[in-house]
Amino acid sequence: MNDSAPRRSYQSPLREERAAETRTRIVAAARELFATEGFAATTVAMIAQHAKVAKPTVYATFGTKAAIIGAMLGELTARADREAWWRQIQAEPEPVAKFGLYATFLRRLYSSGRDVFTAAINASSDPSVVELRERGEQDSRESLGPIVAAIDEAGALREGLSRENAVERAWMLSALELYFRAARLGWSDDEYESWLAESLVRQLVR
């Protein structure tokens, strides 16, 4: 046997499964505590106790509370199946229906993660969370580009409106803050979705 031969690295599937389970428990505990206690008042020690893990385990798994929020936001996007929605929106040729699908996607994303988004907003003093929000907003703005381009290529973009300005208007109307403002007014999710779809059509479609 050649002792100098490189050794194959091996990671136990059981260890990976346990690590994933620990990660899930930490995220679930943090999500509950952020909703009941608030981001600032929730400590890593509280998260560890609630998740029934050691405090160093939380640090080793995530490092910071901001990283936990990042994981929550990633889970929300995955569960919302954003890529599938985007393919469906892009494939829809009719502008009104296209914006209707977009409004439905946002409504489902925002409503399913209301507590997580609230925690992110409440953590606005944390630079890491601010960076996460800014990155998400930039990604949202960029994703509107192909939608607007398809409407423009179909000759349905509002007359005198550039693609850039159309993206800006759609991005402003899609802001998470407007969803929360509608909720404070007592609007249902159905009412928000209808308002968003109608507003997008009025602002952008010929």
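The values are calculated or read from the model by the stated rules, or taken from the named source; none is laboratory data. All of these numbers come straight from a predicted model, not from anything done at the bench. Note that each Cβ is placed from the backbone with ideal geometry, even for glycine, and that neighbours are counted across all protein chains shown.
Which of the residues belonging to segment 49-67 are assigned to a helix (DSSP H, G or I), buried (at least 20 other Cβ atoms within 10 Å of the Cβ) and at pLDDT 90 or above?
In the first step, residues of segment 49-67 are kept if they are assigned to a helix (DSSP H, G or I); the result is 49-51, 55-61, 65-67.
Within this subset, residues satisfying the condition of being buried (at least 20 other Cβ atoms within 10 Å of the Cβ) are 51, 58, 65.
Across segment 49-67, the qualifying residues are ALA51, VAL58.
Exactly one residue out of ALA30, ALA35, ALA40, ALA51 is in contact (Cβ under 8 Å) with a residue 24 or more places away in the chain, touching a His at 6+ places or on another chain (Cβ under 9 Å) and not assigned by TED's automatic domain parsing to the domain that holds VAL129, and it is ALA30. Residues that are within 30 Å of GLY155 (Cβ to Cβ), among the basic types (Lys, Arg) and free of Cβ contacts under 8 Å to residues at least 24 places away in the same chain do not occur anywhere in segment 17-24. In the set GLY100, GLY136, only one residue is more than 18 Å from the chain's Cα centre (by Cα) and outside the structural domain of ALA28 (by TED's automatic domain parsing); that residue is GLY100. Evaluated against (1) over 23 Å from ARG181 (Cβ atoms); (2) crowded, with 16+ Cβ neighbours inside 10 Å, PHE105 falls short on exactly one condition, (1).
Any residue in segment 153-167 that is closer than 30 Å to ALA67 by Cα and more than 13 Å from the chain's Cα centre (by Cα)?
So in segment 153-167, the residues closer than 30 Å to ALA67 by Cα come out as 167.
Narrowing further to those that are more than 13 Å from the chain's Cα centre (by Cα): 167.
Yes; the residues of segment 153-167 include at least one that is closer than 30 Å to ALA67 by Cα and more than 13 Å from the chain's Cα centre (by Cα).
Those residues that are assigned to a helix (DSSP H, G or I) and surrounded by fewer than 17 Cβ atoms within 10 Å (Cβ to Cβ), I need them from segment 153-170; list them, please. Residues satisfying the conditions are GLU153, ARG163, GLU164, ASN165, GLU168.
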